[in-house]
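I have placed the structure first, in the form of structure tokens, so that the comments after it can refer back to it.
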Amino acid sequence: MRPKNHPLAVSKKPQGQVTRGKTARNRLRQVDNFLLLYEPGLLTRKDGPFADALFVDLGYGAEAVTTLESAARFRRLNPTLKILGVEIEPERVAAALPYSDARTFFRLGGFNLPLQPGETVRAMRAFNVLRQYEENEVAPAWEQLGRYVLPGGLLIEGTSNPSGAIWAANLLRRDEAGWQREALVFFTNFHLGFDPLEFQTILPKNYIHHVLPGESIGEFFSAWKAACAETSPMRTWGLRQWYVSAAEGLARHGYRINLRRKWLSKGWMIWENPQE
């Protein structure tokens, strides 16, 4: 019998709430592309417990599409990568099971991940999941998920609009002490133009109610809007150039923004070591 604090010693009843499950095809394509560019070493790592470690798609929705799309993308980099799709709704799992194979699994579960003995997790995506919870439920959910992730592993947790044209996500890194906040990541494909106000509507749950004067995220958005105003002449050269210039302006305001063009020119802005 496993001790009660063992990560696999979880309740048989999945812990969490059923999501709407409405996920369009390619909605999370740019989340996958971000991970491929940001952490290729984690997706390909094969030493020790990472040899068979899983990528977990938590809350894939009414169809298995996001899990299957991630499997196809990530396996171009690591053909042997094992991928687990987890859903809290039995009917959704049943509908996904025909798409299972030797390296792609679908299981019933929630924040208490349905891992089998010996399984470990290298990275996890939880998108459009925690947004429906109360804010005070976010940290406990993170903590529970952290029990399954190997030190050095990642959790990307956030929210997108229905098409995936814009999203914002927490990037958490697991160490021996638990999760460390590595970054708050913003993405736009510029199809909706560019306005920081658009990102306020899709912030992760731990931030969305704090866009207020005196709050860290509120001050961040004030600085971002100011940087946009200061760099508005760059609109002449297109939205991407304005986006890059505004990010550089944020850095001048004292924010730790990753200014590498490989991120900004593709629509990703990474605020490193963010505060709440």
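What follows draws every value from the coordinates through simple rules; no lab data is involved. These numbers come from a predicted model, not from an experiment. Note that each Cβ is placed from the backbone with ideal geometry, even for glycine, and that neighbours are counted across all protein chains shown.
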Task: Histogram of C-alpha separations across the chain, 5 Å bin width, % - done: 1, 6, 12, 17, 19, 16, 12, 8, 5, 3, 1, 0, 0, 0
TODO: Quick one: angle between helix 29-38 and the longest Cα principal axis of the chain, in degrees between 0 and 90, rounded to 10, please.
DONE: 90
Open item on the list: Given a 10 angstrom Cα cut-off, can you work out which residue in His210, His191, His253 is the most mobile in a GNM of the chain?
Closed with: His191
- [ ] Looking at the chain, send over the antiparallel percent of its DSSP beta bridges, to the nearest 5.
- [x] 55
Open item on the list: Can you sort Ser160, Ser70 from fewest to most other Cβ atoms within 10 Å of each residue's own Cβ?
Closed with: Ser160, Ser70
Task: GluC sites (Glu not before Pro) within the range 172-209, DSSP loop, no more than 15 other Cβ atoms inside 10 Å - done: Glu176
Open item on the list: Can you classify the range 29-188 as rounded, prolate or oblate using the Cα gyration tensor, where a ≥ b ≥ c are the square roots of its eigenvalues, rounded means a/c under 1.5, and otherwise it's prolate if a/b beats b/c and oblate if not?
Closed with: rounded
Open item on the list: Give me Val138, Val185, Val56 sorted ascending by neighbouring Cβ count inside 10 Å, so fewest comes first.
Closed with: Val138, Val185, Val56
TODO: Return the calculated 222 nm mean residue ellipticity for the chain, to the nearest 500 deg cm²/dmol, obtained by summing -39500 (n - 2.57) across DSSP H runs with n ≥ 4 and dividing by the residue count.
DONE: -8000 deg cm²/dmol
Task: the range 169-276: trypsin sites (Lys or Arg not before Pro) falling in loop per DSSP and having at most 16 other Cβ within 10 Å - done: Arg256, Arg260, Lys266
- [ ] Working from Cα positions, state the angle (0 to 90°, nearest 10) between the long axis of helix 239-252 and the longest principal axis of the chain.
- [x] 90
Task: Crossing angle, helix 65-74 versus the chain [Cα axis fit, 0-90 degrees, rounded to tens] - done: 80
TODO: Quick one: net charge around Thr67, please, counting Lys, Arg +1 and Asp, Glu -1 for every other residue with C-beta under 10 Å from its C-beta.
DONE: -3
Task: Of Ala139, Ala53, Ala123, the one that fluctuates the most in a GNM where the chain has Cα springs shorter than 10 Å - done: Ala139
Open item on the list: Per 0.36 nm of contour for each residue apart, how much would the distance between Asn33 and Leu77 grow if the chain were fully extended, relative to their Cα-Cα spacing?
Closed with: 14.7 nm
- [ ] For an R0 of 25 angstrom, estimate the FRET efficiency from the Cβ-Cβ distance between Lys266 and Asp47 and round to the nearest 0.05.
- [x] 0.25
Task: Formal net charge of residues neighbouring Glu119 (Cβ-Cβ distance under 12 Å; K, R +1; D, E -1) - done: +2
Open item on the list: Net charge within 13 Å of Gly254 by Cβ-Cβ distance, Lys/Arg positive one each and Asp/Glu negative one each, not counting Gly254 itself?
Closed with: -1
Open item on the list: Two decimals, Cα atoms only, Kirkwood Rh: what is Rg/Rh over the range 210-267?
Closed with: 1.00
Task: GluC sites (Glu not before Pro) within the range 55-154: DSSP coil, no more than 12 neighbouring Cβ in 10 Å - done: Glu134
Open item on the list: I want to check the label-to-label distance for Gln180 and Glu91. Put each point 7 Å from Cα in the C-beta direction and report it in nm to one decimal.
Closed with: 4.4
